[in-house]
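> The following block contains the structure, expressed as structure tokens.
The values are calculated or read from the model by the stated rules, or taken from the named source; none is laboratory data. Since the structure is predicted, the reported quantities are computational estimates derived from the model, not experimental observations. Here Cβ is always computed from backbone atoms with ideal geometry, including for glycine, and neighbour counts include all displayed protein chains. Ligands, DNA and RNA are stripped out before the accessible areas are found, and what is left, the full protein with its side chains, is counted by its heavy atoms. Shrake-Rupley method; radii C 1.70, N 1.55, O 1.52, S 1.80 Å.
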Amino acid sequence: MKTIYMFLVRICSLMYAGQKKSQVAYLMSFSNNQDFILKLADRISPLPLYVFYEASGQADLDNLKNHPAIKLIPFNNGLALFLKVIPILMRSKLIVVDNYFPVLGAIIKTKQMRITQLWHANGAIKAFGFSDPSTERRGKAAQLRFQRVYDSFDDIIVGSRKMADAFQINYRLDGHQTRLLGYPRSDKFKNKDWIAQAREKFYRYYPALRGKQLILYTPTYRKGISFAFAPGFEKLKLPQNAVFILRLHPHLQQLEKAWEQKVPFVTSIRSDITTDELLTVADTLITDYSSILFDYTLLDNAHQVGLFAFDQSQFEKTVGLQRDFSEDFDKLLIKDVPELSEFLAQPAPQQMVMSQLNERWNTFNDGHATKRTLDFLMKRSGN
């Protein structure tokens with residue numbers, strides 16, 4: 001079936017292959033690059049920006065809906081793919097994507113088209129691409145489809161040599177596609193005005209939490225698995241004056257209130273305060289395998305961070321971790337609840353650890369990545 005689908009995509013794209021390339025399109029599966037999308041729309045004006053969004057991100061499009069030059073179109077693999085998506089893609093001189101879109105491996109790409117990946121995360125702890133254990137279990141035909149998508153990228157925007165190497169290994173590329181420009185979404189974590197507004201918003205809703213030690217727990221999303229705390233988590237010991245905030249993946253945020261009622265020390269925060277905004281007030285970040293780690297270390301309030309990897313062996317088998325995970329993050333690893341209690345009770349100085357993380361993973365994330373990326377794309381695409 002997928003072979004037939006890819007064949008039909010290719011035939012449809014052939015019908016439009018000779019048309020003039022004058023449009024710009026963005027394929028969006030995550031809503032966390034909206035600041036960049038808005039600035040991209042401004043830069044290409046008076047051209048419209050066609051933003052194809054997947055249904056999972058539909059609720060987060062208010063900022064984009066209000067921009068007169070942005071044309072929002074649902075991304076659909078059905079009939080609409082052939083009637084609307086492919087015609088626009090084939091008329092585009094620049095296509096920006098934030099994830100894996102199979103259609104890119106089947107369309108007939110001409111020399112006048114440029115495809116740029118602006119990924120949805122600032123770094124990588126989890127495995128992806130060909131390092132994902134599930135990919136290894138796929139047949140040769142599926143792996144060939146994956147490689148065609150990865151090979152379609154002319155540019156892969158990254159914030160560090162470390163991330164560039166991760167894409168080169170996980171996508172099986174030679175590395176010439178990576179652009180060391182910085183990760184645009186990271187700019188906000190260097191923006192003093194945005195940080196001040198985020199903090200003011202949080203304490204406006206939660207004035208009683210001012211002066212408390214805020215511990216933010218943000219476990220990564222596990223596909224197909226509802227959230228559950230680690231075994232024995234109810235025995236976690238918190239320092240005096242500490243507040244334990246639970247923030248789950250958007251697909252699971254409705255569970256936060258339920259856990260607040262089940263576990264006495266858990267606090268849930270209203271959903272219109274984003275995870276990025278929560279990072280600006282957190283004294284301590286506890287995550288596991290989430291790239292949110294690399295956002296947090298950019299902030300001046302980043303005092304303490306730990307990776308609560310209680311299920312590491314199982315996670316490596318099912319989802320996978322970067323090959324140098326233990327070496328890179330050894331000083332941050334926490335294996336069980338007693339160790340987590342001790343970590344919170346006796347915080348060790350981590351300035352040097354965070355500085356090293358930023359040197360490796362946030363090298364070019366200096367607050368000016370958006371401008372550099374836009375300047376690069378405008379020059380390369382002829383705008």
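> Out of everything in the range 28-63 that is over 18 Å from Ala121 (Cα atoms) and at pLDDT below 90, what residue ends up being surrounded by the most Cβ atoms within 10 Å (Cβ to Cβ)?
Top of the filtered list is Leu61.
Listed here are the residues, each with its yes/no results for (1) touching a Lys or Arg at 6+ places or on another chain (Cβ under 6 Å); (2) open to solvent by less than 10 Å² (accessible area, probe 1.4 Å); (3) among the aliphatic types (A, V, I, L, M); (4) in a helix (DSSP H, G or I).
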| site | (1), (2), (3), (4) |
| --- | --- |
| Thr110 | no, no, no, no |
| Gln147 | no, no, no, yes |
| Trp194 | yes, no, no, yes |
| Arg199 | no, no, no, yes |
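> Evaluate the following for Leu8: is it part of a helix (DSSP H, G or I) and among the aliphatic types (A, V, I, L, M)?
Values: part of a helix (DSSP H, G or I): yes; among the aliphatic types (A, V, I, L, M): yes.
Yes, satisfied.
> Which residues, counting only those in the range 278-289, are assigned to a loop (DSSP other than H, G, I, E, B) and open to solvent by less than 10 Å² (accessible area, probe 1.4 Å)? Step through it out loud before you land on a result.
As a first pass, look at the range 278-289 and keep what is assigned to a loop (DSSP other than H, G, I, E, B): 280-283, 288-289.
The answer is Thr280, Ala282, Asp288, Tyr289.
> Also, I was wondering about something else. Identify all residues within the range 237-252 that are on the phi < 0 side of the Ramachandran plot, open to solvent by 30 Å² or more (accessible area, probe 1.4 Å) and in contact with a Lys or Arg (Cβ under 8 Å, 6 or more places away or on another chain); write none if there are none.
Selection gives nothing.
> Here is a follow-up. Which pairs have Cβ atoms under 8 Å, sit 6 or more apart or on different chains, and link a residue in the range 366-383 that is β-branched (Val, Ile, Thr) to one that is part of a loop (DSSP other than H, G, I, E, B) and open to solvent by 20 Å² or more (accessible area, probe 1.4 Å)?
Thr373/Leu181
> Next up: Report, by residue number, each residue of the range 290-335 that is touching a helix residue (DSSP H, G or I) at 6+ places or on another chain (Cβ under 6 Å) and part of a loop (DSSP other than H, G, I, E, B).
Correct list: Thr297, Leu298, Leu299, Ala302, Gly320.
> Give the number of residues within the range 114-142 that are within 18 Å of Val9 (Cβ to Cβ) and at pLDDT 95 or above. Spell out the reasoning first.
Taking the range 114-142 and keeping what is within 18 Å of Val9 (Cβ to Cβ), we get 115, 141-142.
The next check asks that each one be at pLDDT 95 or above; those that pass are 115.
Total satisfying the criteria: 1.
> Out of (1) in a loop (DSSP other than H, G, I, E, B); (2) more than 24 Å from Gly129 (Cα to Cα); (3) free of Cβ contacts under 8 Å to residues at least 60 places away in the same chain, what's the single condition that is false for Gly175?
Every listed condition holds for Gly175 apart from (2).
> Write out, first by first residue and then by second, each pair whose Cβ atoms fall under 7 Å of each other, whose residues are 6+ apart or on separate chains, and whose first residue, in the range 293-321, is on the phi < 0 side of the Ramachandran plot while the second is modelled with pLDDT under 90.
Listed pairs, sorted by first residue: Phe294/Asn122; Asp295/Asn122; Gln304/Pro347; Gln304/Gln350; Val305/Gln350.
> Within the set of pairs 6+ apart or on separate chains, which have a first residue in the range 215-239 that is farther than 24 Å from Tyr296 by Cβ, a second that is of a type in the set (Val, Ile, Thr) and surrounded by 12 or more Cβ atoms within 10 Å (Cβ to Cβ), and C-beta atoms under 9 Å apart?
Close Cβ pairs satisfying both conditions: Pro231/Val337; Gly232/Val337; Glu234/Val263; Glu234/Val337; Lys235/Val337.
> Residue under question is Gly123, and the condition is that it be touching a residue at least 40 places away in the same chain (Cβ under 8 Å) and buried (at least 21 other Cβ atoms within 10 Å of the Cβ); does it hold? Talk me through it step by step, then tell me what you get.
On the way: touching a residue at least 40 places away in the same chain (Cβ under 8 Å): yes; buried (at least 21 other Cβ atoms within 10 Å of the Cβ): yes.
In short, yes.
> Another question, if that's okay. Name the residue that is farthest from the chain's Cα centre (by Cα), counting only residues in the range 70-99 that are in a loop (DSSP other than H, G, I, E, B) and either crowded, with 20+ Cβ neighbours inside 10 Å or at pLDDT 95 or above (or both).
Kept after step one, since they are in a loop (DSSP other than H, G, I, E, B), are these residues of the range 70-99: 75-78, 91, 98-99.
Next, only the ones that are either crowded, with 20+ Cβ neighbours inside 10 Å or at pLDDT 95 or above (or both) stay: 91, 98.
Values: Arg91: 28, Asp98: 8 Å.
My answer is Arg91.
> Continuing with the same structure: Of all residues in the range 346-383, which are open to solvent by 70 Å² or more (accessible area, probe 1.4 Å) and either at positive phi or part of a helix (DSSP H, G or I) (or both)?
Matches in the range 346-383: Gln351, Met352, Glu359, Arg360, Lys371, Arg372, Lys379, Arg380.
> So Leu118 fits all but one of (1) open to solvent by 30 Å² or more (accessible area, probe 1.4 Å); (2) in contact (Cβ under 8 Å) with a residue 40 or more places away in the chain; (3) closer than 21 Å to Ser381 by Cβ; what number is the exception?
Going through the list (1) open to solvent by 30 Å² or more (accessible area, probe 1.4 Å); (2) in contact (Cβ under 8 Å) with a residue 40 or more places away in the chain; (3) closer than 21 Å to Ser381 by Cβ, Leu118 breaks only (1).
> Filter the range 155-186 for residues that are closer than 26 Å to Asp35 by Cβ and surrounded by fewer than 19 Cβ atoms within 10 Å (Cβ to Cβ) and give the result.
Listed by number, the residues that qualify are Arg161, Leu180.
> Give the number of residues within the range 18-27 that are more than 15 Å from Pro48 (Cβ to Cβ) and buried (at least 16 other Cβ atoms within 10 Å of the Cβ).
Adding up the residues that qualify gives 1.
> Of the residues that make up the range 220-236, is at least one open to solvent by 40 Å² or more (accessible area, probe 1.4 Å) and under 16 Å from Ile334 (Cβ atoms)? So that I can check it myself, show each step before the final result.
At the first step, the residues of the range 220-236 found to be open to solvent by 40 Å² or more (accessible area, probe 1.4 Å) are 221-226, 228, 231, 234-235.
In the following step, the residues that additionally are under 16 Å from Ile334 (Cβ atoms) were identified as 231, 235.
Yes, there is a match, as at least one residue in the range 220-236 is open to solvent by 40 Å² or more (accessible area, probe 1.4 Å) and under 16 Å from Ile334 (Cβ atoms).
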